[in-house]
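Participant: To start, I am sharing the structure in question, which I have written as structure tokens.
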Amino acid sequence: MNMKVNIAGVEWKNPVTVASGTFGSGEEFSEFVDLSRLGAVTTKGVANIPWEGNPTPRVAETASGMMNAVGLQNPGIDLFCRRDIPFLKQFDTKIIVNVCGKSTEDYCEVVERLSNEDVDMLEINISCPNVKEGGIAFGQNPKAAEEITRAVKKYAKQPVIMKLSPNVTSIADMARAVEAGGADAISLINTITGMKIDIHRRKFLLANKTGGVSGPAIHPIAVRMVYEAAHAVRLPVIGMGGIASAEDAVEMILAGASAVSVGTANFYNPLAAVEVAEGIESYMERYGFESVGEMVGCVE
Amino acid sequence: MVNRKKENAVILSQEKIASGIFSMWLKTEAALQARPGQFISMYTGDESRLLPRPISICEIDGEKGALRVVYRVTGPGTGTELFSRMKAGDTIPVIGPLGNGFPLERAAGKKAFLIGGGIGVPPILELAKQLDCDRKQIIVGYRDSETFLRNEFEQNGEMYISTEDGSVGTKGNVMDAIRENALEADVIFACGPTPMLRALQAYAADNRIECYISLEERMACGIGACLACVCKTKEKDHHSNVNNKRICKDGPVFLSTEVEL
């Protein structure tokens, strides 16, 4: 049985990575699980300079999910290259660096800097709902998404994954836009913008008022969007949104994802991602699939 | 290196010790390494309430491999209410011990304040049991006459109580109890609501006293990865590279001069 997948020319040992922002750069999770058992590690977003992030509270629990407005706190690309990349190089897994920025120049600066680093893929976050500038501003307008993709591609030495937002009218239009801009792959969905109010104190639960909803509650929305995006473009799709089990992951693959990311589940089960990888293998055995590729989009 | 795990802790006993306050003994491997001031992440096992509840460790029994947690039920339909309905023999998934704990060695030969307020009272008990110092002054603030854990505190040091309604001890807060009893210290350890910690931070600065405070914030992972539970720091933190530290991993105990409340 072949668990390997090829995403834009990069071979992963299995189709499972982790969603950016739910796994740091892997260090904390390496105490719970051997990172070499993952197809890839996707790091928390990194910008050209350190970002402080949003005020607290930054998270709240929601029914079968959670909401966050961390605001892309990150140490900046210099420290990231000095510390986080060497840490991840100890493991036999692919490294996907998630890149965030406030302007096209910010994104390009980080991408150019990473062109000399030994990392396997770049994921461009144009879909964070929790920062005022950049992020989602590029991810809700097809023209802006196409342009930032094209700009980033000029500097990128590694394959570029564009991470899409579900907070749009047509995910298919967004997928086509980044494909036109030259993206090598797409990943979706980022979190869905939500709001939660403490009725006893009559205050917002998050200091940012709004936050991104994630977790099992959003899984059916993610499956639908992965299906629509996968049918709109020829690019490989990395599916994510509420995957907590192998069953959730298989659903995403059947909808058209070539690989999957486990996100919020990492927060309450540090072994979630490796359990998903093992469970996909069991599913393939049970239904006689020889390769992951055979399963992609295999739904009637 | 892989050396940690989420495990199923077994409830040895559970009792209600005040209105909305429950005490639970758990058999868990976390007890073998736990120190005063650390916490455990407790999971509800309910698929609709996914995130861990970070609960401070109240007592450690290394021999039995058990931890005591004393927690407040935060409302109907909450995770803590689910915990409160559980019985001896039931299991709770936990990860722990987590966080840094109080630096006990800083109290050697000194006059110490051990201060707890509200649901910040429980972690002060194991601290009181383990702290080796010249004078152990335990100052605990409650809302009213439901002075939970009082007997245990009295066996472990000089005990001073403040209550908001004045029903027991000094009327007011822990700062009022310190003034009324003319207490003095060279080192302070504290856990409680932010206004209390803020007052202590100012008191420690005015009197040039070394002061350690245990902070609380909403968490998602509890292990330092999600960056939800940060606090502001005066200096740039070496890990985050900004003026933020992670309460779950770098704390929850901080020197009062390094954080901004």
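Participant: Please determine, by comparing only the residues of the stretch B:1-47 that are part of a helix (DSSP H, G or I) and crowded, with 21+ Cβ neighbours inside 10 Å, which one is farthest from the other protein chains (Cβ to nearest Cβ).
Facilitator: B:A31
Participant: Still on this structure: When you look at B:L50, is it surrounded by 17 or more Cβ atoms within 10 Å (Cβ to Cβ), free of Cβ contacts under 8 Å to residues at least 12 places away in the same chain and within 22 Å of B:C229 (Cβ to Cβ), yes or no?
Facilitator: Values: surrounded by 17 or more Cβ atoms within 10 Å (Cβ to Cβ): yes; free of Cβ contacts under 8 Å to residues at least 12 places away in the same chain: yes; within 22 Å of B:C229 (Cβ to Cβ): yes.
Against the criterion (surrounded by 17 or more Cβ atoms within 10 Å (Cβ to Cβ), free of Cβ contacts under 8 Å to residues at least 12 places away in the same chain and within 22 Å of B:C229 (Cβ to Cβ)), B:L50 qualifies.
Participant: Further, regarding this structure: Please count how many residues of the stretch B:220-237 are touching a helix residue (DSSP H, G or I) at 6+ places or on another chain (Cβ under 9 Å) and more than 7 Å from chain A (Cβ to nearest Cβ).
Facilitator: Qualifying residue count for the region: 1.
Participant: Taking into account only those residues within the stretch A:35-71 that are in a loop (DSSP other than H, G, I, E, B), within 10 Å of chain B (Cβ to nearest Cβ) and free of Cβ contacts under 8 Å to residues at least 60 places away in the same chain, which is surrounded by the most Cβ atoms within 10 Å (Cβ to Cβ)?
Facilitator: Of everything passing the filter in the stretch A:35-71, A:K44 is surrounded by the most Cβ atoms within 10 Å (Cβ to Cβ).
Participant: Still on this structure, I have one more. Among the listed residues A:G194, A:G279, A:G182, identify the single one that is part of a loop (DSSP other than H, G, I, E, B) and either surrounded by fewer than 23 Cβ atoms within 10 Å (Cβ to Cβ) or out of contact with any helix residue (DSSP H, G or I) (no Cβ under 7 Å at 6 or more places or on another chain) (or both).
Facilitator: Matching residue, one of A:G194, A:G279, A:G182: A:G182.
Participant: Can you list residue pairs whose Cβ atoms sit under 7 Å apart, with the first residue in the stretch A:187-201 being within 14 Å of chain B (Cβ to nearest Cβ) and the second being small (G, A, S)? Count only pairs 6 or more apart in sequence or on different chains.
Facilitator: The qualifying pairs are A:T191/A:G212; A:T191/A:S214; A:K196/A:A60.
Participant: In this structure, is A:N74 within 11 Å of chain B (Cβ to nearest Cβ), touching a residue at least 12 places away in the same chain (Cβ under 8 Å) and closer than 15 Å to B:N241 by Cβ? Walk me through it before giving the result.
Facilitator: On the way: within 11 Å of chain B (Cβ to nearest Cβ): yes; touching a residue at least 12 places away in the same chain (Cβ under 8 Å): yes; closer than 15 Å to B:N241 by Cβ: yes.
Answer is yes for this residue.
Participant: Okay, moving on. Would you mention how many residues in the stretch B:74-105 are closer than 29 Å to B:Y212 by Cα, more than 14 Å from chain A (Cβ to nearest Cβ) and part of a loop (DSSP other than H, G, I, E, B)?
Facilitator: The number of residues fulfilling the criteria is 4.
Participant: For the stretch B:212-224, which positions are out of contact with any Phe, Trp or Tyr (no Cβ under 6 Å at 6 or more places or on another chain) and either surrounded by fewer than 24 Cβ atoms within 10 Å (Cβ to Cβ) or part of a loop (DSSP other than H, G, I, E, B) (or both)?
Facilitator: Across the stretch B:212-224, the qualifying residues are B:L215, B:E216, B:E217, B:R218, B:M219, B:G222, B:I223, B:G224.
Participant: Test A:A144 against the criterion of being at pLDDT below 95, of a type in the set (A, V, I, L, M, F, W, C), touching a helix residue (DSSP H, G or I) at 6+ places or on another chain (Cβ under 9 Å) and not in a loop (DSSP other than H, G, I, E, B), and give yes or no.
Facilitator: On the way: at pLDDT below 95: yes; of a type in the set (A, V, I, L, M, F, W, C): yes; touching a helix residue (DSSP H, G or I) at 6+ places or on another chain (Cβ under 9 Å): yes; not in a loop (DSSP other than H, G, I, E, B): yes.
Yes; evaluated as a whole, the condition is true for this residue.
Participant: Right, here's the next one. Yes or no: B:F113 more than 14 Å from chain A (Cβ to nearest Cβ), buried (at least 24 other Cβ atoms within 10 Å of the Cβ), in contact with a strand residue (DSSP E or B) (Cβ under 9 Å, 6 or more places away or on another chain) and within 26 Å of B:K6 (Cβ to Cβ)?
Facilitator: Against the criterion (more than 14 Å from chain A (Cβ to nearest Cβ), buried (at least 24 other Cβ atoms within 10 Å of the Cβ), in contact with a strand residue (DSSP E or B) (Cβ under 9 Å, 6 or more places away or on another chain) and within 26 Å of B:K6 (Cβ to Cβ)), B:F113 does not qualify.
The values are calculated or read from the model by the stated rules, or taken from the named source; none is laboratory data. Quantities reported herein were computed from a predicted structural model and do not represent experimental measurements. Don't worry about glycine lacking a Cβ; one is built from the backbone with ideal geometry, like all the others, and counts go over all protein chains shown.
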